[in-house]
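The values are calculated or read from the model by the stated rules, or taken from the named source; none is laboratory data. Treat the numbers as computed from the prediction; the structure is a model and nothing was measured. Because the Cβ atoms are built from the backbone with ideal geometry, glycine has one as well, and the counts that use them run over all protein chains shown. For the accessible areas, the whole protein counts, side chains as well, though only heavy atoms, and no ligand, DNA or RNA atoms are used. Shrake-Rupley method; radii C 1.70, N 1.55, O 1.52, S 1.80 Å.
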Amino acid sequence: MSYPQNVAVNGSRLWQSLMDMAQVGATPKGGVCRLALTDIDKEGRDLFVRWCEEAGCTVSVDRMGNIFARRAGRDDTLPPIIMGSHLDSQPTGGKYDGVYGVLAGLEVVRSLNDLGYVTEAPVEVAVWTNEEGSRFAPAMVSSGVFAGVFDLDYGLSRADLDGRTMGEELARIGYAGELPVGGRKVGAYFEAHIEQGPILEAEGKTIGVVTDCQGQRWYEITFTGQEAHAGPTPMTRRKDALLGAARVVDAVNRIGLKYGPFACATVGLMQIHPNSRNVIPGRVFFTVDFRHPDDSILAAMDGELRAAVAEIADGIGLDSDFQQIWYYAPIRFDADCVAAVRQGVERTGHSFRDIVSGAGHDACYLSKVAPTAMVFIPCIDGISHNEIEETTPEWVTAGCEVLLHAVLERANA
Ligand code: HGY
Ligand code: MN
Ligand code: MN
Ligand code: MN
């Protein structure tokens, strides 16, 4: 089934919406801090809901706080075509990570309204709770519950470092919805996102046709040694937990380099106890983030990390608690949906290249319950998860045009 070829998006309206949303949780360096389920996240959610209602959508919220803004189709019995991403950010996040996919979806709705065009199937714009995994681990937990990868109790019980759970925080900010999470048919899911890496910009390509997403493994490690006085304690009699953690940080980096160029290995969070200048650290809690597009290599990295942690702890005389808290295998997106993105690229004439996503996205979990694909646009110097994250109005518009065509292709299939 075809659709009007004169479809267009309003790029300046989309850019303005991105700038308006960037005021919510704006940081002095030009980024945002909208940690999941904080009052600032609520403010962003409320703004998005208001914009969707102004665009004539009916808005519903499920028990994980996922938001769905629905534009009716000619046949509302058909499963919806959903576009979406996330509004929560990293502590020093950028204006576009996640937000772009949400507001590009809203711009598709607004553009269809301008056209007065009703799709065969309904379309929805989704906001997934806690995609970042910064305040609550793991990442993508709410799209994971929607996809049946995690059960609802697991999702609601995820706690931040102060022990506050997602369930408590959803209730506190008024986004503990009634709707069951998932369990409904989805016609297709599309997520537009900045690449968050340097490839598209370096190659002068406007669109990334995302064919795959690399797998991830997240770990939480606690080393326990012995607090002691930094002065009288001889170097040979120490059980220094931070020395152990430092050696694991080096081992993580070596594993990443060994399995490169596609391997990624990061220690991003560390808590030192008692964190005092003249006390030998008795306990250190830290995290490891491993990624690779090949599952067998990700498994090999896992094995080397386990061996390194055991050897380092043993060498210093530390107790260690080693937990893998999250894993998902590399994802291949749906061929028909990727073809719909390609169709969008052909119809808009933008330059493109196929690309594997280095970052995780809610699309990874949606791909388990719906035909799914992603559209990437470049970001300046490939920088993201940083307040200086930047892209251009042209790229933002181009990605949204491709998203519109891909959605229309599937909504009228
Ligand atoms: O970590 C990620 O890839 C994403 O930003 N949650
Ligand atoms: Mn993101
Ligand atoms: Mn992110
Ligand atoms: Mn995402």
Filter result for the condition that a residue is within 15 Å of ligand 2 (Cβ to nearest atom) and out of contact with any Asp or Glu (no Cβ under 6 Å at 6 or more places or on another chain), over E389, E346, E394, E311: E389
Residue match in region 329-348 (condition: crowded, with 19+ Cβ neighbours inside 10 Å, assigned to a strand (DSSP E or B), out of contact with any Phe, Trp or Tyr (no Cβ under 7 Å at 6 or more places or on another chain) and modelled with pLDDT of 95 or more): yes
Members of region 85-95 found to be in contact with a strand residue (DSSP E or B) (Cβ under 8 Å, 6 or more places away or on another chain) and either outside the structural domain of P378 (by the TED database) or within 12 Å of ligand 1 (Cβ to nearest atom) (or both), listed by number: S85, H86, S89, G93, G94
For F136: the one exception among (1) within 16 Å of ligand 2 (Cβ to nearest atom); (2) surrounded by fewer than 24 Cβ atoms within 10 Å (Cβ to Cβ): (2)
Residue within region 54-68 that is within 16 Å of ligand 3 (Cβ to nearest atom) and touching a helix residue (DSSP H, G or I) at 6+ places or on another chain (Cβ under 7 Å) present: no
Number of the exception - G282 against (1) under 24 Å from the mean Cα position of the chain (by Cα); (2) open to solvent by less than 50 Å² (accessible area, probe 1.4 Å): (1)
Pair list, Cβ under 6 Å, 6 or more apart: region 380-403 residue within 16 Å of ligand 1 (Cβ to nearest atom), other residue among the polar types (S, T, N, Q): S384/Q196; H385/Q90; E387/T27; E387/T92
Any hit, region 172-191, residues being open to solvent by less than 20 Å² (accessible area, probe 1.4 Å), in contact with an Asp or Glu (Cβ under 7 Å, 6 or more places away or on another chain) and either at pLDDT below 95 or at positive phi (or both): no
Selected residue (criterion: most open to solvent (accessible area, probe 1.4 Å)) from residues of region 218-237 that are touching an Asp or Glu at 6+ places or on another chain (Cβ under 6 Å) and not β-branched (V, I, T): W218
Region 7-44, subset of a type in the set (G, A, S) and out of contact with any Phe, Trp or Tyr (no Cβ under 9 Å at 6 or more places or on another chain), residue surrounded by the most Cβ atoms within 10 Å (Cβ to Cβ): G31
Pair list, Cβ < 9 Å and 6+ apart or interchain, from region 26-47 residues that are on the phi > 0 side of the Ramachandran plot to residues that are open to solvent by 10 Å² or more (accessible area, probe 1.4 Å) and of a type in the set (V, I, T): G30/I388
Test: residue in region 362-374 that is assigned to a loop (DSSP other than H, G, I, E, B) and closer than 21 Å to H292 by Cα: yes
Condition met for G116 (away from ligand 4 (no atom under 13 Å from the Cβ), open to solvent by 10 Å² or more (accessible area, probe 1.4 Å) and free of Cβ contacts under 8 Å to residues at least 40 places away in the same chain): yes
Entirely in region 78-169, the helices (runs of 4 or more DSSP H) that have 3 or more residues that are within 16 Å of ligand 3 (Cβ to nearest atom) and either at pLDDT below 95 or under 30 Å from S2 (Cβ atoms) (or both): 99-115
Number of the exception - L37 against (1) hydrophobic (A, V, I, L, M, F, W, C); (2) over 16 Å from S142 (Cβ atoms); (3) touching a helix residue (DSSP H, G or I) at 6+ places or on another chain (Cβ under 8 Å); (4) part of a loop (DSSP other than H, G, I, E, B): (2)
Verdict on G360 being away from ligand 2 (no atom under 16 Å from the Cβ) and under 20 Å from V102 (Cα atoms): no
Among the residues listed as V125, V145, V108, the single one being closer than 27 Å to G208 by Cα, surrounded by 22 or more Cβ atoms within 10 Å (Cβ to Cβ), in contact (Cβ under 8 Å) with a residue 24 or more places away in the chain and within 16 Å of ligand 4 (Cβ to nearest atom): V125
